[in-house]
Amino acid sequence: MQNWYVYIAKAKTQRFYTGISDNPEKRIIKHNSGIGSRFAVEQGPLELIYVSLPFKSKSGARIREVQIKKWSREKKLKLINGIWI
């Protein structure tokens, strides 16, 4: 069974990018090589700064990704810094 993760990356512009992947480190390499999101190409390079605990399904990770994307920057920083939300 494949695990999925929600990840947050920080761009050189200090903006956050939230996504999901079964291999966040490899996904960041793809983003930084110009393969992937338009955000990464325009705002990159990206630095991986948060990886969630594993999700057993892609849909579970996607639900959490959508939730996190709606959060304020301050709330995302709390998650990144390990402050329980």
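Descriptive notes on the structure:
- Glu25 being open to solvent by 50 Å² or more (accessible area, probe 1.4 Å), closer than 18 Å to Ile80 by Cβ and not in a helix (DSSP H, G or I): no
- Among residues of region 36-62, those that are over 12 Å from Thr18 (Cα atoms), at pLDDT 95 or above and open to solvent by 40 Å² or more (accessible area, probe 1.4 Å), counted: 7
- Region 63-85, subset open to solvent by 70 Å² or more (accessible area, probe 1.4 Å) and more than 21 Å from Trp4 (Cβ to Cβ), residue modelled with the lowest pLDDT: Trp84
The values are calculated or read from the model by the stated rules, or taken from the named source; none is laboratory data. What you see is a predicted model, and the numbers here were worked out from it, not measured in a lab. Cβ atoms come from the backbone with ideal geometry, glycine included; neighbour counts cover every protein chain shown. Surface accessibility is based on the protein's heavy atoms, side chains included, excluding ligands, DNA and RNA. Shrake-Rupley method; radii C 1.70, N 1.55, O 1.52, S 1.80 Å.
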